[in-house]
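J.: Below: one structure in structure tokens.
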Amino acid sequence: MDSLLELHPHDWPQRFVALGGKPFHGRIAARWVFRRAARSWQEMTDLPEALRERLEQEQALGAATLEELSRAEDGAVKVLLGLHDGATVEAVGMPGTQGRTICLSTQVGCPVKCQFCASGLDGLQRNLTRGEILEQALWLRREQGEIGRVVIMGMGEAGHNLDEVLPALDVLMDEEGMGLSARRITLSTVGPKGALERIAAWGRSVSLALSVHAAQDELRHELVPGVRKRRLEDTLDEADRLFAANGREYTVEYVLLEGVNDQPQQAEALARRLRGRRCHVNLIPFNPVSELNFRRPALGVQEEFRKRLREAGLSVTLRRSLGRETDAACGQLRRRSMPSSGSSVTEV
Ligand code: SAH
């Protein structure tokens with residue numbers, strides 16, 4: 001039974017007619033699902049009982065089951081969802097300045113294999129469908145309430161799955177969906193070939209976060225093998241064109257790795273590379289992954305790196321680690337819950 005979430009809510013009325021209801025029943029159901037956090041057809045008491053019965057039999061509301069739910073002391077909520085084929089995916093919600101921020105995954109595993117990231121350790125299993133991406137948001141909405149911001153920064157490379165990611169974002173932004181403004185959505189990507197152009201052509205003003213991690217191609221290709229064939233300069237030019245198209249400054253993400261990309265001359269090189277571009281730099285101190293040998297630079301080194309960028313005229317933030325819990329949102333989502341990782345999900 002296909003999940004109704006694979007269909008845009010605009011198409012729900014037609015589906016409801018096929019199930020013996022009226023078009024407006026589809027609109028009522030969409031409000032229940034996207035605005036009122038309903039979990040089942042039975043809750044939708046203003047739908048005729050016969051229709052609810054038929055929906056129960058013939059139309060799945062979602063395709064995922066909530067396998068685990070955990071709440072950390074810092075307020076982060078994590079859901080582990082089981083998918084129809086036995087794959088699992090995680091999503092996290094955390095308190096932020098504009099209400100709760102949720103972090104969604106776009107793939108099971110990841111093909112990009114960033115050397116410091118846990119998501120790609122086992123390669124890519126498969127793309128998530130639009131319904132599976134939306135379902136993460138819905139489960140978090142159900143478990144933690146209103147959503148303030150959405151960041152596409154969980155497991156997977158969104159740029160390799162835009163066929164599903166963009167329609168999912170359309171629903172999050174649609175008035176008949178979750179009604180979130182584009183300004184509240186950030187999509188993070190390494191910028192695979194064609195991805196940024198496609199986002200520009202799509203025409204919605206979501207924010208872009210571009211994972212850069214090194215100013216020179218040689219090092220970037222080593223750290224982010226999935227973009228070995230791409231010149232950073234070309235990727236940044238595409239990000240500039242996206243800015244020209246949607247007017248949103250982009251964020252350059254740079255994970256600080258001790259002795260790898262944290263040296264003063266590397267800050268200078270990054271500053272040269274970004275000069276004149278409409279971006280903001282977000283420095284992310286490496287968050288340890290047990291299987292990986294990278295280390296987080298000392299605080300003084302992080303500060304020095306930031307200072308150099310700032311003195312070169314760039315706008316920079318250095319992410320303060322809010323502890324392991326919150327950082328679990330970045331690339332380390334599902335792995336710890338997998339049997340091979342040997343630890344339990346309830347720790348977040
Ligand atoms: N595939 C997307 C989303 C990744 S998660 C992308 O690459 O942009 C969001 C950010 O967290 C990315 O910049 C990613 O490189 C970074 N990240 C991944 N693993 C990390 C780790 N162990 N410590 C700190 N940041 C990490």
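J.: With a point put 7 Å past each Cα toward its Cβ, work out how far D237 is from E303 in nm, to one decimal.
T.: The two pseudo-label positions are separated by 4.0 nm.
J.: Could you tell me which of rounded, prolate or oblate describes region 1-157, using a ≥ b ≥ c as the square roots of the eigenvalues of the alpha-carbon gyration tensor, with rounded for a/c under 1.5 and, failing that, prolate when a/b is larger than b/c and oblate otherwise? Don't jump to the answer; show the numbers that get you there.
T.: On the way: a/c = 2.40, a/b = 1.65, b/c = 1.45.
It comes out prolate by the Cα gyration axes.
J.: Now, a different point. List the aspartates and glutamates whose Cα lies under 19 Å from the Cα of K22, skipping any in the same chain that are fewer than 8 positions away.
T.: K22 reaches D11, E43, D46, E49, E53, E56, E58, E176.
J.: Explain nothing, just the number: dipole magnitude of region 65-336 about its Cα centre with +1 on each Lys and Arg Cβ and -1 on each Asp and Glu Cβ, in debye rounded to the nearest 20. Mind dumping the intermediate values first?
T.: Numbers: 38 positive and 38 negative charges, 140 e Å.
Dipole magnitude for region 65-336 comes out near 680 debye.
J.: Using a/c under 1.5 as the rounded threshold, could you call region 4-58 rounded, prolate or oblate? The axes a ≥ b ≥ c are square roots of the C-alpha gyration tensor eigenvalues, and prolate needs a/b larger than b/c, oblate otherwise. Present the calculation step by step, with values, prior to reporting the outcome.
T.: Numbers: a/c = 1.44, a/b = 1.02, b/c = 1.41.
Rounded, since a/c falls under 1.5.
J.: Same structure again: Please give the length that would be gained between T97 and R272 if that part of the chain were fully extended, namely 0.36 nm times their separation in residues minus their C-alpha to C-alpha distance (nm, one decimal). Mind dumping the intermediate values first?
T.: Values: separation 175, 0.36 × 175 = 63.00 nm, distance 3.17 nm.
Gain in length upon complete extension: 59.8 nm.
J.: Taking every DSSP beta bridge that has both residues in the chain, what percent is antiparallel when rounded to the nearest 5? Spell out each step's value before the answer.
T.: Working: 20 of 45 bridges.
About 45 percent, rounded to the nearest 5.
J.: Students often get this wrong: which residues of region 1-15 have the backbone nitrogen under 20 Å from the point 7 angstrom along Cα-to-C-beta of F24?
T.: 9-15
J.: Sticking with this one: Using a cut-off of 27 Å between alpha-carbon atoms, which lysines can reach K78, once sequence neighbours fewer than 8 places away in the same chain are excluded?
T.: Reachable lysines: K113.
J.: Ok, one more. In whole Hz and in residue order, list the ³J(HN,Hα) couplings for region 110-124 that follow from phi through the Karplus curve 6.51 cos²θ - 1.76 cosθ + 1.60, θ = phi - 60°; x for Gly and Pro.
T.: Residue by residue, region 110-124 yields 7, x, 7, 6, 3, 4, 9, 10, 6, 4, x, 4, 9, x, 8 Hz.
J.: Given a Förster distance of 45 angstrom, what is the FRET efficiency for E43 paired with L121, based on the Cβ-Cβ distance and rounded to 0.05?
T.: 0.70
J.: Pop a pseudo-label 7 angstrom from the Cα along the beta-carbon direction at both R31 and E58 and give the gap in nm to one decimal.
T.: The two pseudo-label positions are separated by 2.4 nm.
J.: Still on this structure: When a/c reaches 1.5 or more, the comparison of a/b and b/c decides; with that in mind, is the chain rounded, prolate or oblate per its Cα gyration tensor? Don't jump to the answer; show the numbers that get you there.
T.: Working: a/c = 2.20, a/b = 1.73, b/c = 1.27.
Taking the square roots of the gyration eigenvalues as a ≥ b ≥ c, the chain is prolate.
J.: Once you place label points 7 Å from the Cα toward the Cβ at D163 and A50, how far apart are they in nm?
T.: With each label placed 7 Å out from Cα toward Cβ, I get 4.0 nm.
J.: Around L69, with a cut-off of 11 angstrom between Cβ atoms, what is the net charge of the other residues, counting Lys and Arg +1 and Asp and Glu -1?
T.: Numbers: positive: R71, K78, R142; negative: E67, E68, E90, E143.
Its environment carries a net charge of -1.
J.: Relative contact order for the chain using alpha-carbon pairs under 8 Å, separation at least 6, rounded to a whole percent? Display every interim value, and only then the final one.
T.: Details: 678 pairs, mean separation 53.4, N = 348.
Relative CO of the chain lands at 15 percent.
J.: Still on this model: Once every DSSP H run of n ≥ 4 in the chain is given -39500 (n - 2.57) and the sum is divided by its residues, what mean residue ellipticity at 222 nm do you get, rounded to the nearest 500 deg cm²/dmol? Don't skip to the end; give the middle numbers.
T.: Values: 11 runs with 114 residues, N = 348.
For the chain, the value works out to -9500 deg cm²/dmol.
J.: Before anything else, pin down the relative contact order of region 4-58: Cα pairs under 8 Å, at least 6 apart, normalised by residue count, whole percent.
T.: Values: 41 pairs, mean separation 14.7, N = 55.
Relative contact order comes out at 27 percent.
J.: Another question about this same structure. Taking 0.36 nm per residue of sequence separation and subtracting the Cα-Cα distance, how much length would be gained by fully extending the chain between R71 and R295, in nm to one decimal?
T.: 77.9 nm
J.: Show me 86-97, 52-63, 259-270 ranked by packing, highest mean number of other Cβ atoms within 10 Å first. Present the calculation step by step, with values, prior to reporting the outcome.
T.: Working: 86-97: 19.9, 52-63: 16.7, 259-270: 18.2.
So the peptides 86-97, 52-63, 259-270, ranked by packing, come out 86-97, 259-270, 52-63.
Each reported figure results from applying straightforward, stated rules to the coordinates on display, with no laboratory input. All of these numbers come straight from a predicted model, not from anything done at the bench. When we count neighbours, we look across all protein chains shown, and the Cβ atoms used for this are built from the backbone with ideal geometry, even at glycine.
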